[in-house]
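Report on one structure; see the data block that follows.
The values are calculated or read from the model by the stated rules, or taken from the named source; none is laboratory data. Note that the structure is a prediction, hence the values are computed from the model and not measured. For neighbour counting, all protein chains shown are included, and Cβ atoms are generated from backbone atoms with ideal geometry for every residue, glycine included.
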Amino acid sequence: MTYKVLRKTKKIYITPNTIFYGGSVICFTPVVISLALGFDDSLWMHTLLYVQLLVFFTSIIIGIFKFNKYKTLKGELTSSLEFLHDGIQIDDTFYALDKIKKISLENTYDYKGRVAFSRGDFDGKYSNGVDNLLHLYLTDGTIIPIHFQQNTENQIIQDKEHFIRYCNDGKLGYLSLLDLLKITDYNQIQLFKKENLTRFQ
């Protein structure tokens, strides 16, 4: 299974959140200063308040149009990741298991199309599925962080056999493996340990 990897770029991404919260700070700060100095009836302050309202309604309008769309992708999906039986492949570089000290996987619940709307967020309600985070800790001290994309929910479970191998080799934590495979029932855990995890046998 090959996953797309998010690579950060130097681009500046303007989102509805940027417009609203950035504009609010720019406009609200001078208003607070004006009030503190006693200029509560100044034309300058009233102008800033009107600009603040304009920014607010502009963000609302943009947010409405983008509500049923994907969130802004802050980077480019230009790299690839593949979990293999004897290591991990990132683009053209292969990291053998004997060169890996530890494998950490976090936020693996994310997938493309997941509803990720939250209060105060104007930037679309659908996730791009790139919050999945892999940390590779190499034996030479190097730490490689990778954000990768899942196209469907639980797509990563298709690499179950590889993760079992990583766990048996002491690279991936036992509890992390259970969380990754969404095994929570006590009886299922015991059966899974017996059938798959040699370190417990």
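Per-structure values
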item	result
Residue in the stretch 21-32 that is at pLDDT 70 or above and surrounded by 13 or more Cβ atoms within 10 Å (Cβ to Cβ) present	yes
Elements of type strands (runs of 3 or more DSSP E) in the stretch 61-116, at least 1 residues being polar (S, T, N, Q) and touching a strand residue (DSSP E or B) at 6+ places or on another chain (Cβ under 8 Å)	76-84, 87-90, 100-106
Filter result (closer than 16 Å to LEU180 by Cα and touching a Phe, Trp or Tyr at 6+ places or on another chain (Cβ under 6 Å)) within the stretch 75-114	LYS102, ILE103
Considering residues of the stretch 59-78 that are among the polar types (S, T, N, Q) and surrounded by 15 or more Cβ atoms within 10 Å (Cβ to Cβ) only, the residue modelled with the highest pLDDT	THR72
Selected residue (only one of PHE122, PHE163, PHE83 is touching a helix residue (DSSP H, G or I) at 6+ places or on another chain (Cβ under 9 Å), over 15 Å from VAL5 (Cβ atoms), surrounded by 16 or more Cβ atoms within 10 Å (Cβ to Cβ) and at pLDDT 95 or above)	PHE163
Residue within the stretch 143-160 that is touching a Gly at 6+ places or on another chain (Cβ under 9 Å) and β-branched (Val, Ile, Thr) present	yes
Residue tally, condition within 27 Å of LEU178 (Cβ to Cβ) and of a type in the set (Asp, Glu), over the stretch 115-143	1
